[in-house]
Every structure is written in C-alpha cells, then in structure tokens.
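Have a look at the structure below before the remarks.
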Ligand code: GLO
Ligand code: NI
Ligand code: NI
Ligand code: NI
C-alpha cells in the first residue's frame, strides 16, 4: 500500500482522559488508581503527571500525544499566572519529547471547563469573555509552535445555546468566524505550520451545539470563507450522538477533502452520550480505515485515542490493555480494509450501481451540460425508469465475508 502500517496508523494518546481521568462520573467519586498523582493543583504534581505520561507513551510504543493547555498545567489566579505555569510545564514537555522522541499530534485550549465560559467562549454574549478566550488561544498557539504540534484542534465545548429566547444566533456565528480569522492571522504571523481542525459534536454540553456534525461545520466554514484554512477532527462517538452511523462523518468529511484527523473512540449506541470508550469493534474500524486508505492516509493527522477506561477499570494495567486492544483493532481494520480494496469487489459493485452516469443522458448530467427541457424530452421518449434493487443485504453480506 506504499506505506508501512505505522504510517497509516498514527496513534496518539490523549493526556486529558488517560492522565486526568479519575473514573468519577456525575453520580460517583473517583475509582481509578493514579499512584503518581497526589490530587493537588501544584506545579510539582503537574510535572509528576507529565513524567508518568511520557513513561506510559514510551512503554506503550506510541509516537504521538495530545493535550489541552489546562490539563497539563494548573490555571492560575489570572491569565499571566496561568501562562507562567504553562511555560514551566511546556519546558518540561519539550525536554521529555526530545528524550523520548514522542511527538505532539495536536495541542488545544480548554475553553469550556472554567465558569467564565459557561455561556460560551467565542460565542459568548459578553465580549470580555471572547477576549479572554482569544488571549488563551494566542498562548495555546505559541505553545503548539514551541512543541512542534502537527495540528491544532478547536472543539467548541460551549459554543452553542440552551435557549433561542435569549440568543442571537447570527451574531454568535459571526463572532465564532471572527475568532477563527484572528487565530489564522496569528498562526501565520508566528509561522505555525500545524493544521487547524474543528471537532464537531452535538448535544453536549450545550443543548444545541453550533458544530453539530461534519456537514454543519463544513457549511459554516464555507459560509464564512474559512474552508481553505481549517479541516475537521472527527470523533465517531460524536457522530453516533448526532444520530449518524459510526463512520458517517468520516465519510462526509473525506468526501469533501476535509478529513484531517480522528479522535478514535466509540460509544454505546444503547447508552446515547459521549462515553468515550476504547474502540474494540473490528467492523467499525474496518469501515473507518477504508476511508483513510482511500484518501491516502491522515498525515499530518492521526488516530488519537480520545477514550477513557471505564469507571469499573481501576488498575493501571487496564490503561495499557485498553490502548493495546484499540491499536490491535485498528491494525486489523487496516488489514481488512486493504484486502477489501485489493479485491475490488465492493467498489466494483458500487461503480456498477452508478453506471448509468457513464454514457448518454447520465454523462450529460455528470458534466453539467443538460437542461430541464432536455431531461423532459428524455423522459417523454424513454418513459418510466426500471426499478433496480438497492441490494443492501448483498453489500452487507460481502462485508461480513471479510470480517
Ligand atoms: C469532548 C471532546 C473533547 C475534545 C478535546 C480536544 O467530547 O471529544 O475531548 O476532543 O477537547 O479538542
Ligand atoms: Ni474528542
Ligand atoms: Ni468527545
Ligand atoms: Ni473526549
């Protein structure tokens, strides 16, 4: 396939779940053992955590990691102190990256946890909050540049609304576009070469999220003339939360040349929220890798495990097993996708399905050289189209043969 498996499978460990996750949920206290973490907000604790993380990455053999500004370094009493804390931790991160060879897939800013962001960040009705978020992203981009991030992610955690009665949606979307324009200008100014990625997600935590799903974000980017500057980071658990199939947003983003990276996880369709489970389903992984194969890989994006071990997994070794199991799942998915591509049976079947567009009136439709009058003329002389079977079961049984 022209690349070795590692180039197709650019795995990344996320810092926030793996090193900040505790197993706590809205109904219960922490359950996970984190022997290196004393639970305090001190810089010493942050450093211990980071060292543990790099030990984990190296033992696992994963080449990339990803983090938010506020999960690697504690928030200070004001922006200046937060930035100072971040600088100190980033120094250590730079050192650890150099020592281990582990690279930064992407950096991001947490613009959703602090109470100041409760009504949104760039879409906040208060300009003061917009300014704070912008200042935070400025620093986030400096840090991304320093650590050689290959991408930079924007997940609009609170960019949405709970009620239309108090919301001016047009002005909030205009502000969000301005926010991205400012970030693009700064990125160019400092010479940061990483790719900007928006991560769509519906329903959580705002009742309505502006970045609902892939096509919503693509529509937003095109409306505001930003589609050449920003791609998408797709998380399948968000896709299923939006009511789509696991691979839907991957397919959609890739179809429009907008698939930059993947937050590789899965949810429980029987639960219905963002459970961030480790992907263990071979069929899902195969369908996803098929798209990645077809578009020639994800570089400079990757497969970032935005996943948490479940509350009931209390041991450190569970963290290893979860990541290894997920990596194996995608490795098998890649192999199966490669076989499916090689055999060409499915793609031939699809091609056949669209064969009417290859000649005659179909070719004219494809080329955009026809008119309503001409199409009417065609129907008047050719009559009713034949009914052709959709053959869903046929396609599904072919896929089953591979899995
Ligand atoms: C939440 C998102 C979140 C993002 C992260 C990076 O559901 O998946 O974890 O991936 O903030 O942007
Ligand atoms: Ni995510
Ligand atoms: Ni998520
Ligand atoms: Ni997540």
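Coordinate-derived values only; no laboratory data. From a predicted model like this one, the values you see are computed outputs, not experimental measurements. Note that each Cβ is placed from the backbone with ideal geometry, even for glycine, and that neighbours are counted across all protein chains shown.
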message: Quick one: the Cα spread of segment 332-379 along its three principal axes, in angstroms, biggest first?
response: 51, 14, 12
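How much length, in nm to one decimal, is gained on full extension between residue 190 and residue 361, taken as 0.36 nm per residue of separation minus their Cα-Cα distance?
Additional length available on full extension: 56.3 nm.
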statement: For the pair residue 316 and residue 382, the simple spin-label estimate (label points 7 Å beyond Cα toward Cβ) gives in nm 6.8 nm
field: Extension gain from residue 24 to residue 393, taking 0.36 nm per residue of separation minus the Cα-Cα distance
entry: 128.6 nm
message: Can you tell me the orientation of helix 282-294 relative to the chain, as the angle in degrees between its alpha-carbon axis and the longest Cα principal axis, to the nearest 10?
response: 80 degrees
query: So what does the Cα-only Debye profile of the chain read at q = 0.08, 0.09 Å⁻¹, as log10 I(q)/I(0), no solvent term?
result: -0.48, -0.59
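What relative contact order, as a whole-number percentage, does the chain give when Cα pairs under 8 Å and 6 or more residues apart are counted?
15 percent
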message: Quick one: the Cα spread of segment 241-346 along its three principal axes, in angstroms, biggest first?
response: 43, 27, 27
statement: Plugging the Cβ-Cβ distance of residue 370 and residue 324 into 1/(1 + (r/R0)^6) at R0 = 60 Å yields, to the nearest 0.05, a FRET efficiency of 0.65
query: Tell me, what is the FRET efficiency for residue 31 and residue 353 to the nearest 0.05, using R0 = 35 angstrom and their Cβ-Cβ distance as r?
result: 0.10
query: Over its Cα atoms, what ratio of radius of gyration to 2.2 N^0.38 Å does segment 113-206 give?
result: 1.11
- request: Relative to the compact-globule scaling 2.2 N^0.38 Å, provide the ratio for the alpha-carbon radius of gyration of segment 1-139.
  value: 1.17
task: Classify segment 218-297 as rounded, prolate or oblate from the Cα gyration tensor: take a ≥ b ≥ c as the square roots of its eigenvalues, call it rounded if a/c is under 1.5, otherwise prolate when a/b beats b/c and oblate if not.
output: oblate
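Provide the FRET efficiency to the nearest 0.05 for the residue 295-residue 45 pair, computing r from the beta carbons and using R0 = 41 Å.
The pair residue 295/residue 45 has a calculated efficiency of 0.50.
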- prompt: Gaussian network model of the chain, Cα springs within a sub-10 Å range: biggest mean-square fluctuation belongs to which of 317, 283, 231?
  reply: 317
field: Simple label model, 7 Å out from Cα along Cβ direction - residue 88 to residue 402, nm
entry: 5.2 nm
